[in-house]
1. Which chymotrypsin sites (Phe, Trp or Tyr not before Pro) in the range 1-103 pass both tests, a DSSP loop state and at most 10 other beta-carbon atoms within 10 Å?
2. Sort Asp142, Asp57 so the one with the fewest other Cβ atoms within 10 Å of its own Cβ comes first.
3. Whole-Hz ³J(HN,Hα) for each residue in the range 118-128, computed from phi via Karplus 6.51 cos²θ - 1.76 cosθ + 1.60 with θ = phi - 60°, x for glycine and proline: what do you get?
4. Which ³J(HN,Hα) values in Hz, rounded to whole numbers, follow from the phi angles of the range 136-147 under the Karplus curve 6.51 cos²θ - 1.76 cosθ + 1.60, where θ = phi - 60° and Gly and Pro get x?
5. Residue by residue, what Karplus-based ³J(HN,Hα) values in Hz, rounded to whole numbers, does the range 45-54 have, using 6.51, -1.76 and 1.60 with θ = phi - 60° and x for Gly and Pro?
6. If Lys and Arg each add +1 and Asp and Glu each add -1, what is the summed charge of the other residues whose beta carbon sits under 14 Å from the beta carbon of Glu225?
7. Which of the trypsin sites (Lys or Arg not before Pro) found in the range 55-116 are loop residues per DSSP with 16 or fewer other Cβ atoms within 10 Å of their Cβ?
8. Nearest-5 percent of antiparallel DSSP beta bridges in the chain?
Amino acid sequence: MKKRPLIAGNWKMYKTASEAVTLVQTLKAAAHTVSNVTIVICPPFTALSEVSKVLNDTSINLGAQNMYCAPEGAFTGEISPTMLKDSGCRYVILGHSERRQYFKEDDILIHEKVKTALKYSIIPIVCVGETLAERDAKKHFDVVKTQFDESIGRLEKEDIAKVVIAYEPVWAIGTGKTATPDQAEQMHSYIRRLLNERYSQEIGSRISILYGGSVKPDNTRSLMEKPNIDGALVGGASLKAESFAQIIQEAQQTYESGNHS
Ligand code: 13P
């Protein structure tokens, strides 16, 4: 059985608070007919509170793009889980490849952040994925296994069950070069296997594994039809209400038609 899909929009460092409010108002209107998809949007920190007010009477969830692993303290420039909750966040993206690449985040720090998010009842969307060089060297499964082991593989059973995983091959992010549905499915089923072996089949089947990397309205269906792809983490195409709403509609239709390949 396919799970109810989760479609998350990662707005990255785009949109001022007022631009974010305009976008989310349009999205709200476009998404009001959607009932079978969990929708999450992750605007920049500075827009969270304003966007949260607009989302108040909707089923669209709010998420952040990062978080520090302490509830408060002398950590200049960082944002805590209590601040995120106060701004209306239910989700947080952790370990995005851009955080790993440009801000030198490693799996040890990501693991601490994941534990902290869970402690404060924020659902972490934990990103894993290989670079092109790693794939070309046929190391992609090893790379993802290490990221899995070190960032989430040591969590207790009751904690891992609350995590969402996003497989985002770095070479597919913002490049227009999507992994083929078969390439994505191969990695998703590998991650599912890691979960089944490390925890249990029951837990493995409960966890949503999202695909991210150049997801667009016209490739959503072929990705979502795959048995182990439970949703998408969308970058560029989530910055326009129309394309993000189309992706959500595609996910809903695929789910409702029970399509698998
Ligand atoms: P794009 O959809 O722009 O490739 O970005 C994917 C991503 O990084 C989502 O977190």
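1. Details: sites: Trp11, Tyr14, Phe45, Tyr68, Phe75, Tyr91, Tyr102, Phe103; in loops: Trp11, Tyr14, Tyr68, Phe75, Phe103.
Listed in order of number, the matching sites are Phe103.
2. Numbers: Asp142 12, Asp57 8.
Sorted ascending by nearby Cβ count, the order is Asp57, Asp142.
3. Per residue, the Karplus-derived 3J(HN,Hα) values read 5, 4, 9, 6, 9, 7, x, 9, 9, 9, 9 Hz.
4. 4, 7, 6, 9, 4, 5, 5, 4, 5, 5, 5, 4
5. Result, rounded to whole Hz: 3, 5, 9, 4, 5, 5, 5, 4, 5, 5.
6. Numbers: positive: Lys2, Lys3, Arg221, Lys226; negative: Asp182, Glu185, Asp218, Asp230, Glu250, Glu256.
Net charge in that neighbourhood comes out at -2.
7. On the way: sites: Lys85, Arg90, Arg99, Arg100, Lys104, Lys113, Lys115; in loops: Arg90, Lys104.
Those that pass, being in a loop and sparsely packed, are Arg90, Lys104.
8. Working: 0 of 27 bridges.
DSSP beta bridges in the chain are roughly 0 percent antiparallel.
No lab work stands behind these numbers, since they all come straight from the coordinates. Not measured: the values here are computed from a predicted model. Every residue, glycine as well, gets a Cβ built from its backbone with ideal geometry; the counts of neighbours run over all protein chains shown.
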